[in-house]
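Engineer: Below are the structure tokens for one structure; questions will follow.
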Amino acid sequence: MSLVSEGTAGLIFDCDGTLVDSLPLYREGWITALEDEIRQSVPLEWFHGHGGISEQMVLDIVEQRLGRSVSRDLIIARAREMMLRQLHVLEEITVVADIARQYHGRLPMAVASNGSRQIVSACLRHLGLERLFDAIITIDDVENPKPAPDMFLLAAGRLEVDPASCLVFEDSREGMQAATRAGMRHVDVNTLLP
């Protein structure tokens with residue numbers, strides 16, 4: 001049975017944790033950047049369940065846990081730098097990437113990610129996936145990150161496809177909420193993984 005039903009006019013894919021297995025790179029980059037800033041060890045549990053949120057939302061959580069503000073721009077820059085250094089270990093999530101390959105040239109497709117354009121583009125380019133997509137939407141393109149629907153609605157607009165006829169591939173709770181709020185059907189890619 002195909003996941004892409006008849007009447008689907010466009011496909012939208014999240015990036016991190018959906019197309020690419022970048023979450024371990026994010027965790028390592030963020031932990032290094034935070035420990036450099038706050039001069040104490042950061043428990044891995046801080047990042048559990050927060051894979052789909054934006055950098056600013058991660059920092060909101062960090063500041064709440066610390067009870068003080070941090071140098072947001074420095075932490076973000078350092079975390080991104082650490083991630084880019086680790087691209088050589090990045091792997092695609094083949095079961096999802098293969099869906100994009102299968103529909104390349106058959107349906108318009110976009111990436112819509114709460115990640116930065118710098119990181120998302122670097123990950124997709126490194127794995128040779130960037131060429132599959134007609135549009136790439138990142139946190140840099142919208143005012144409100146997922147779980148707001150803005151990113152998915154912008155992607156549908158760029159693809160010139162009715163939101164109701166789009167199918168979204170997502171791994172995070174925030175992303176699935178955003179798809180629902182945009183009036184789009186979604187596939188929880190966690191159900192596709194072995």
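The values are calculated or read from the model by the stated rules, or taken from the named source; none is laboratory data. Predicted model only: the values in this text are computed from it and were never measured. No Cβ is skipped: glycine too gets one built from the backbone with ideal geometry, and neighbour counts run over all protein chains shown. When the accessible area is computed, the model is the full protein with side chains, heavy atoms only, and any ligands, DNA or RNA have been set aside. Shrake-Rupley method; radii C 1.70, N 1.55, O 1.52, S 1.80 Å.
Engineer: Got a sec? Which strands (runs of 3 or more DSSP E) wholly within the stretch 111-194 have at least 2 residues that are over 14 Å from the mean Cα position of the chain (by Cα)?
Structural biologist: Details: elements: 135-137, 166-170, 185-188.
Hits in the stretch 111-194: 166-170, 185-188.
Engineer: Still on this model: Are any of the residues in the stretch 29-45 under 20 Å from the mean Cα position of the chain (by Cα), more than 19 Å from Val89 (Cα to Cα) and without any contact (Cβ under 8 Å) to a residue 12 or more places away in the chain?
Structural biologist: Among the residues of the stretch 29-45, at least one is under 20 Å from the mean Cα position of the chain (by Cα), more than 19 Å from Val89 (Cα to Cα) and without any contact (Cβ under 8 Å) to a residue 12 or more places away in the chain, which makes the answer yes.
Engineer: Moving on to the next point. Among the residues of the stretch 57-80, write down those that are of a type outside the set (A, V, I, L, M) and surrounded by fewer than 18 Cβ atoms within 10 Å (Cβ to Cβ). I'd like the intermediate steps shown before the answer.
Structural biologist: So the first thing to find is which residues in the stretch 57-80 are of a type outside the set (A, V, I, L, M), and the list is 60, 63-65, 67-69, 71-73, 78, 80.
Scanning the stretch 57-80 gives Asp60, Glu63, Gln64, Arg65, Gly67, Arg68, Ser69, Ser71, Arg72, Asp73.
Engineer: Of the conditions (1) over 20 Å from the mean Cα position of the chain (by Cα); (2) more than 25 Å from Gln177 (Cα to Cα), Gln64 satisfies every one except a single condition; which number is it?
Structural biologist: Every listed condition holds for Gln64 apart from (2).
Engineer: If a residue must be closer than 21 Å to Thr18 by Cβ and modelled with pLDDT under 85, how many such residues does the stretch 57-81 contain? Lay out the reasoning, then the answer.
Structural biologist: Initially, the stretch 57-81 is screened for residues closer than 21 Å to Thr18 by Cβ, giving 57-58, 79-80.
Going one step further and asking which of them are modelled with pLDDT under 85, we end up with 57-58.
Residues in the stretch 57-81 being closer than 21 Å to Thr18 by Cβ and modelled with pLDDT under 85: 2 in total.
Engineer: Of the residues that sit in the stretch 14-37 and are open to solvent by less than 30 Å² (accessible area, probe 1.4 Å) and acidic (Asp, Glu), which one is modelled with the lowest pLDDT?
Structural biologist: Asp16
Engineer: Can you pull out the residues in the stretch 88-103 that are touching a residue at least 40 places away in the same chain (Cβ under 8 Å) and not small (Gly, Ala, Ser)? Steps first, please.
Structural biologist: Filtering the stretch 88-103 for residues touching a residue at least 40 places away in the same chain (Cβ under 8 Å) gives 89-93, 95-97, 99-100, 103.
Val89, Leu90, Glu91, Glu92, Ile93, Val95, Val96, Ile99, Tyr103, listed by residue number.
Engineer: Which of the residues that make up the stretch 138-194 are open to solvent by less than 30 Å² (accessible area, probe 1.4 Å), without any contact (Cβ under 8 Å) to a residue 60 or more places away in the chain and β-branched (Val, Ile, Thr)?
Structural biologist: Thr138, Val142
Engineer: Output the residue which, of all residues in the stretch 1-13 that are farther than 23 Å from Thr138 by Cβ and of a type in the set (A, V, I, L, M), is least open to solvent (accessible area, probe 1.4 Å).
Structural biologist: That would be Val4.
Engineer: Same structure, new question: What are the residues in the stretch 94-110 that are assigned to a loop (DSSP other than H, G, I, E, B) and either within 14 Å of the chain's Cα centre (by Cα) or loosely packed, with under 15 Cβ neighbours inside 10 Å (or both), if any?
Structural biologist: Within the stretch 94-110, the first condition is being assigned to a loop (DSSP other than H, G, I, E, B), and the residues that meet it are 104-108.
Scanning the stretch 94-110 gives Gly105, Arg106.
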